[in-house]
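Each remark here refers to the structure printed beneath this line.
The values are calculated or read from the model by the stated rules, or taken from the named source; none is laboratory data. The model shown is predicted, which means the values in this text are computed figures rather than measured ones. Cβ: placed from backbone, ideal geometry, glycine included. Neighbour counts: every protein chain shown. Heavy atoms of the whole protein, side chains included, go into the accessibility calculation; ligands, DNA and RNA do not. Shrake-Rupley method; radii C 1.70, N 1.55, O 1.52, S 1.80 Å.
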Amino acid sequence: MPENFEPPLFNLRPRDFGKDFVWGVSTAAYQIEGAHDIHDKGVSIWDRFVSKKGNISQGQHGRIACDFYHRYQEDILLMKAMNIPHFRFSLSWTRLLPDGIGNVSEEGIAFYNRVIDFCLEYDITPWVTLYHWDLPHALEKKGGWTNRDILGWFETYVRLCAESFGDRVKHWMILNEPMVFTGAGYFLGVHAPGRKGLKNFLPAVHHAVLCQALGGRVLRDALPDAMIGTTFSCSRISSFTDRTKDIKAAEKADALLNRLFIEPSLGMGYPTESVPVLQKIEKYQKTEDSKDCIFDFDFIGIQNYTREVVRHSYTVPYLHAKIVKASQRNVKITTMDWEVHPPSLYAMIGKFNAYKKIKKIIVTENGAAFEDRLQNGKVTDSERTTYIKAYLEQIHKAQKDGLKVSGYFVWSFTDNFEWAEGYRPRFGLVYVDFDSQKRTVKDSGKWYACFLGSQNGR
Ligand code: FCB
């Protein structure tokens, strides 16, 4: 039995985190909406990627997913019943601009208007992510993130979103986890659009860094009162042994996984001293770029699930570092083979606090997939509740230690389409039977509802 994880003795209440602390749940368009070709919706890179054999576990896809497109009212009402005050979701670019640029879909605009208005009617604050990985296929055909023209395409898209929804949406995030969509999508080829190698990865990284800042500027210009953030995946990196080689490998992995996107936005440039191959980004850089990578975000969203243990490896090109799988380390793991490691969240809050220019830090994703079973109308997922409590304790500890962190969003509200892993990993507070689309609040969801409901009392 793994020994690393001690269940917390949890006696915290929401008010212990401060009265302005933001509590919510997170989702993403492709993972929940379904209705992939309704009306004039265009094709995204994920619509394409899922149809190629071998890309997704068991050949699954997000064509229907949680059918949020048709069931958003039911889901938002359930959120309300669970006392959840903030809802993070993303906009599907091809629902709004079927070809990525040009024609606007009135049906797409109307859909998100309905979602936003319904949230507001029930006093749930919408937090909108502009880009959660579903690039228009029409743009991918022109090179997608590797083509510098993405700056213009993205600007058009952001402007449309600001004009259409900015009168009611006050909280925005520009990109979701750029390291994951460039790394998995343009280097490893395991996510859409399935491209590989440095020649795709490096330009994609640079253009994503530029768009991250550009999106911020466009929103600020259009909506001076909006709260503008962006989100980063981050994990504490431990070295496998104390050998210098492993320590160096861990340092490189840290630069790549945790520093690559935040540092240029703060004016610090790319972490080339730790990962020299990043110097090759120069090829894609223009004179003004280092200035144009900078944006003064109102908040930074950090998304943490686990820690990574890293060792030196001769066989991994450029990095000479490789991740030692959690399942090989005799530690408590989730269905994703991610180690349950609450102190990793504390470490990441500390790491981002060390960048003095960051004004506000919000945990915009955290959660876990376990083997949930629906039995007699119940899902007894005590592991998930324990996980959330343990991570919340780390947030509280960080606050007590004087670190800033002012919000927490559970990933995810309902079970959904977990990218290349399909539907097997269930991350939801709410169980979804994907045949009937019936929702059942899991025990963890009931716990979160009670916890949030205890705002004013002990
Ligand atoms: C994050 C993604 C999110 C979800 C969780 C489990 O990396 O942002 O869409 O897949 O992981």
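Could you list, in sequence order, all residues of the stretch 166-221 that are in a loop (DSSP other than H, G, I, E, B), away from the ligand (no atom under 16 Å from the Cβ), closer than 20 Å to Ala138 by Cα and open to solvent by 20 Å² or more (accessible area, probe 1.4 Å)?
Hits for the stretch 166-221 are Pro193, Gly194, Arg195.
Give the residues of the stretch 443-456 that are away from the ligand (no atom under 16 Å from the Cβ) and open to solvent by less than 30 Å² (accessible area, probe 1.4 Å), sorted by residue number.
Once the filter is applied, which keeps residues that are away from the ligand (no atom under 16 Å from the Cβ) and open to solvent by less than 30 Å² (accessible area, probe 1.4 Å), the stretch 443-456 yields Gly445, Tyr448, Ala449, Phe451, Leu452, Ser454.
When you scan the stretch 4-12, do you find a residue that is at pLDDT 95 or above and either touching a Phe, Trp or Tyr at 6+ places or on another chain (Cβ under 8 Å) or of a type in the set (Phe, Trp, Tyr) (or both), even just one?
No: zero hits.
Out of all the residues in the stretch 89-106, which are farther than 23 Å from Cys66 by Cβ, of a type outside the set (A, V, I, L, M), surrounded by fewer than 24 Cβ atoms within 10 Å (Cβ to Cβ) and touching a helix residue (DSSP H, G or I) at 6+ places or on another chain (Cβ under 8 Å)?
Answer for the stretch 89-106, where residues must be farther than 23 Å from Cys66 by Cβ, of a type outside the set (A, V, I, L, M), surrounded by fewer than 24 Cβ atoms within 10 Å (Cβ to Cβ) and touching a helix residue (DSSP H, G or I) at 6+ places or on another chain (Cβ under 8 Å): just Asp99.
Looking at the stretch 390-444, which of the residues that are closer than 19 Å to Leu374 by Cα and hydroxyl-bearing (Ser, Thr, Tyr) is farthest from the chain's Cα centre (by Cα)?
Only one residue tops the list, namely Ser436.
In this structure, is Ile76 open to solvent by less than 10 Å² (accessible area, probe 1.4 Å) and either touching a Gly at 6+ places or on another chain (Cβ under 6 Å) or more than 16 Å from the ligand (Cβ to nearest atom) (or both)?
So Ile76 fits the description; yes.
Against the definition (open to solvent by less than 10 Å² (accessible area, probe 1.4 Å), within 20 Å of Arg426 (Cβ to Cβ) and among the β-branched types (Val, Ile, Thr)), how does Ile84 come out, yes or no?
yes
If you scan the stretch 400-433, which residues turn out to be surrounded by 16 or more Cβ atoms within 10 Å (Cβ to Cβ) and without any contact (Cβ under 8 Å) to a residue 60 or more places away in the chain?
The answer is Leu403, Val405, Gly428, Tyr431.
Return the only residue of Ser57, Ser51 being away from the ligand (no atom under 16 Å from the Cβ), open to solvent by 30 Å² or more (accessible area, probe 1.4 Å) and small (Gly, Ala, Ser).
Of Ser57, Ser51, the one residue that is away from the ligand (no atom under 16 Å from the Cβ), open to solvent by 30 Å² or more (accessible area, probe 1.4 Å) and small (Gly, Ala, Ser) is Ser51.
Restricting attention to the stretch 292-318, and to residues there that are aliphatic (A, V, I, L, M) and open to solvent by 30 Å² or more (accessible area, probe 1.4 Å), which single residue is farthest from the ligand (Cβ to nearest atom)?
Filtering the stretch 292-318 for residues that are aliphatic (A, V, I, L, M) and open to solvent by 30 Å² or more (accessible area, probe 1.4 Å), the one farthest from the ligand (Cβ to nearest atom) comes out as Ile294.
Can you confirm whether the stretch 339-360 contains a residue that is open to solvent by less than 30 Å² (accessible area, probe 1.4 Å), part of a strand (DSSP E or B), of a type outside the set (S, T, N, Q) and within 16 Å of the ligand (Cβ to nearest atom)?
yes
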